[in-house]
Amino acid sequence: MNQTLSRTDFRSREPAFARARGPEIVLDRVDPILLVDDAVRAVLATLRPTNRVGRERDASPCFADRLLGVRQAEQLPAGIRAVRIAPQTVVTPLARDLLKKRGIEIRLGVSPELGRLARGEWAFAIGEETGQLQALRRGLLSEPREWLELDPDLEVVGGWLVESSGRGALWVTNDGARTVWRACQSPGVRAAVAAEPSDVHRAVDGLGLNLLVVEPAGKTIALVRQLAAAFRQGGAPGVPADLHEEVLR
């Protein structure tokens, strides 16, 4: 006759040595993949401070103008440790002394950011709305070289120019003389009217032109674009090394 044994009955029939055994210890198996993952994380943790230093180094401001003077040195943000300059940049002795007092190191090098600054950033503003100037706008925006369109307002154009180094703007307006006079009242803006490419080249070389003003009357779209091309030909606008900063103030 089959009998169903309870757990108590079954344990009572076990040998004494079996009942005397202590609780069984079950060892958890450690996944070797987890061990490798922990080791990799520990190594990466030791490398993180080095990566942060690299990012700080990359965050150093770039300067690609022809001249780094006292005024430019004073405008560098507080807390930086270095400033990177392009090979053609001239640092004045006074600016060098000021940077040394502020603990800012001057580094000479080439980087994508410096390359972009060396080529310059370019914008245009069109003051009048005519069919011819609308065609000019479409032509500039369709060029392979990038153009940014700004509102024809002195605060907008002047603010954009001085916000970063290496910027140049083309302003097309029927009131060229007054536009130049007003623009030159803004620190850092060096404006001139030009009618021929030779005028542009002289203004770029002698003044470090960063605001080219063109009066469209009597000029074809092709000529205006030729003036714009001459403006960009020299690369990023910058103050000539032989032009004293006092003249610009």
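The values are calculated or read from the model by the stated rules, or taken from the named source; none is laboratory data. In this text the structure is predicted, and so the values were computed from the model without any measurement. A quick note on method: Cβ atoms are made from the backbone with ideal geometry, for glycine too, and the neighbour counts reach across all protein chains shown.
Filtering the range 197-239 to residues that are on the phi > 0 side of the Ramachandran plot and either modelled with pLDDT of 90 or more or among the basic types (Lys, Arg) (or both) leaves only Gly218.
When each of Val180, Val162 is tested for being outside any loop (DSSP other than H, G, I, E, B) and within 22 Å of Gln72 (Cα to Cα), the lone residue that passes is Val162.
Here is a yes/no grid of residues against (1) at pLDDT below 90; (2) not assigned by TED's automatic domain parsing to the domain that holds Asp175:
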position	(1), (2)
Gly103	no, yes
Gly109	yes, yes
Ile126	no, no
Ala135	no, no
Ser142	yes, no
Trp147	no, no
Asp151	no, no
Leu154	no, no
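Against the condition closer than 16 Å to Trp147 by Cβ and in contact with an Asp or Glu (Cβ under 6 Å, 6 or more places away or on another chain), how does Arg167 come out, does it pass? Criteria met by Arg167. Taken over the range 154-177, the residue count meeting the criterion of being under 24 Å from Val239 (Cβ atoms), surrounded by fewer than 18 Cβ atoms within 10 Å (Cβ to Cβ) and not hydrophobic (A, V, I, L, M, F, W, C) is 4. If you check Val239, Val189, Val157, Val213 for being under 30 Å from Leu76 (Cα atoms) and in a helix (DSSP H, G or I), only one passes: Val157. For residues that are exposed (fewer than 12 other Cβ atoms within 10 Å of the Cβ) and under 15 Å from Ala222 (Cβ atoms), tally how many sit in the range 128-146. Total meeting the criteria: 3.
Kindly indicate whether Arg225 is closer than 29 Å to Val70 by Cβ and either more than 24 Å from the chain's Cα centre (by Cα) or not hydroxyl-bearing (Ser, Thr, Tyr) (or both). Answer is no for this residue.
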